[in-house]
1. Run Leu102 past the list (1) surrounded by 13 or more Cβ atoms within 10 Å (Cβ to Cβ); (2) in contact (Cβ under 8 Å) with a residue 24 or more places away in the chain and report the number of the one that doesn't hold.
2. For the list (1) assigned to a strand (DSSP E or B); (2) free of Cβ contacts under 8 Å to residues at least 40 places away in the same chain, I need the number of the one condition that Gln19 fails.
3. From the list Thr36, Thr88, exactly one residue is of a type in the set (Val, Ile, Thr) and either open to solvent by 60 Å² or more (accessible area, probe 1.4 Å) or over 20 Å from Ala7 (Cα atoms) (or both). Which is it?
4. Are any residues in the range 80-107 among the small types (Gly, Ala, Ser) and over 22 Å from Pro48 (Cα atoms), and if so, which ones?
Amino acid sequence: MVKTLNAMKRAIKPGVRFQILFHNRPECIGQIREVTHVQSNAFYSNVPEDPNHYINKAGDGKGYCLWYRTAKHWEFHDGVCTLFSNQTQHTEEYRIISLWLLVEEVS
């Protein structure tokens, strides 16, 4: 279960899938995404079940990019990773995305 940003970064690798539990774009909620490319400051993901999905065409074919920001932007509860746009106010109005990594075990 992911408990820190460092643990999440270690778990994020090409091929790892995650489910979006909340997104500030309602059409993304419930999507299963697959990590396609990882950088030190961000990762890209696409919609693996729909090769023609518009998200898959973004980022020169890598999909959408999610920047890690800093650990202060994140909360981790029961395996759910939530990114906020504010470092100190972790409220609904600042929530960007909540996701659940679909991996066997994260240390």
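1. Of (1) surrounded by 13 or more Cβ atoms within 10 Å (Cβ to Cβ); (2) in contact (Cβ under 8 Å) with a residue 24 or more places away in the chain, only one is false for Leu102: (1).
2. (2)
3. Values: Thr36 fails: either open to solvent by 60 Å² or more (accessible area, probe 1.4 Å) or over 20 Å from Ala7 (Cα atoms) (or both).
That would be Thr88, the only listed residue that is of a type in the set (Val, Ile, Thr) and either open to solvent by 60 Å² or more (accessible area, probe 1.4 Å) or over 20 Å from Ala7 (Cα atoms) (or both).
4. Within the range 80-107, Ser85, Ser107 meet the criteria.
Here is a yes/no grid of residues against (1) assigned to a loop (DSSP other than H, G, I, E, B); (2) within 27 Å of Glu93 (Cα to Cα):
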residue: Gly30; (1), (2): yes, yes
residue: His37; (1), (2): no, no
residue: Ser45; (1), (2): no, yes
residue: Ile55; (1), (2): no, yes
residue: Leu66; (1), (2): no, yes
residue: Phe76; (1), (2): no, yes
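The values are calculated or read from the model by the stated rules, or taken from the named source; none is laboratory data. Just so we're clear, the structure is a prediction, and the values are computed from it rather than from any experiment. No Cβ is skipped: glycine too gets one built from the backbone with ideal geometry, and neighbour counts run over all protein chains shown. Surface areas here come from the heavy atoms of the whole protein model, side chains and all, with no ligands, DNA or RNA. Shrake-Rupley method; radii C 1.70, N 1.55, O 1.52, S 1.80 Å.
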